Amino acid sequence: MPFAHAFEYNASRPLAPGSVVRVPLGRQHRIGVVWDRDSTSVDDRALPAARLKPVEAVLDLPPLGAPLRRFIDWVADYTLSPAGAVLRMALPPRLVTAPAPRQIRYRASGQQPQRMTAARERVLALLADGRARPLADITTRARVSDGVVRTLARQGVLEQRVVATEHAPPTPDPSRPGPVLSPPQAAAARHLCDAVRARAFAPILLAGVTGSGKTEVYFEAIAEALAAPGGQVLVLLPEIALTSQWLDRFHERFGAEPAPWHSDLAMAARRRT
């Protein structure tokens, strides 16, 4: 939360600074971090223990180290920002965003209903392929009511599965051919690919005017890195405004978009990334 000061809670046992905890805050439950310095507190007077709410749980996560905590303090002081807002940026997105939405799906268990009807027969015929389908899909395709599906589930004829509705992003294909490079472009691409294959740090400046094909040269190096076992690539753009155009170029070259990350992304999109 974007608060400038820390809150006090009662812990049943001593907690190491940096521990990640879940605590009550008003009518909600929030993720927090045990802090060992509160230079921005507006009141240094200790509250009576009876007035302190208890820490609900200590999460099974590595604590934030002292260097990171001091860095968060420094960033908050330097930018005149609430320490809680800076801390939020340092925590993994899965801790500060809602969990991925989930959906109940149904599939045939192999058992037969106690009594077969035309509606139940249509449901079983639809699910004969073994796929798990959401309730709305079954009722629409089999032309039955929700009650028919739920009754079959209660009888054990259908199995319920809870699945996340968000799916992993498609994998880029480094083998997709790109445009034919000019001799100077090809020479630059070979130099970059040689550096990627060496798997060692090598700063390289690629000079060229706008429209000279630098992006396609970059893509050759990206393809070389992605083709390696477990290969990953981090691409940094100078400004957010270039993101959409660059994602389109990447999709055209590799058949899939990379996972974006910038300050304009909604929290749900950050969680997916």
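Remarks
- Residues of the stretch 200-256 satisfying the condition of being under 20 Å from Ser182 (Cα atoms), assigned to a loop (DSSP other than H, G, I, E, B) and of a type in the set (A, V, I, L, M): Ile204, Leu205, Leu206, Ala207, Val209
- Flag if Arg272 is surrounded by 13 or more Cβ atoms within 10 Å (Cβ to Cβ) and over 29 Å from Pro92 (Cβ atoms): no
- Index of the failed condition, Arg131 passing every other in (1) at pLDDT below 90; (2) touching a helix residue (DSSP H, G or I) at 6+ places or on another chain (Cβ under 6 Å); (3) charged (D, E, K, R): (2)
- Subset of the stretch 238-254 [closer than 23 Å to Val196 by Cβ, surrounded by 12 or more Cβ atoms within 10 Å (Cβ to Cβ) and modelled with pLDDT under 90]: Trp246, Leu247
- Boolean, Arg37 is exposed (fewer than 12 other Cβ atoms within 10 Å of the Cβ), modelled with pLDDT under 85 and basic (Lys, Arg): no
- Checking each residue in the stretch 2-23 for being on the phi < 0 side of the Ramachandran plot, touching a strand residue (DSSP E or B) at 6+ places or on another chain (Cβ under 8 Å) and of a type outside the set (Val, Ile, Thr) picks out Phe7, Tyr9, Asn10, Ala11, Ser12, Leu15, Ser19, Arg22.
- Residues of the stretch 130-150 that are surrounded by fewer than 17 Cβ atoms within 10 Å (Cβ to Cβ), outside any strand (DSSP E or B) and not aliphatic (A, V, I, L, M): Gly130, Arg131, Asp137, Thr140, Arg141, Arg143, Ser145, Asp146, Gly147, Arg150.
The values are calculated or read from the model by the stated rules, or taken from the named source; none is laboratory data. Just so we're clear, the structure is a prediction, and the values are computed from it rather than from any experiment. Cβ sites come from the backbone with ideal geometry, for glycine too, and all protein chains shown count toward neighbours.
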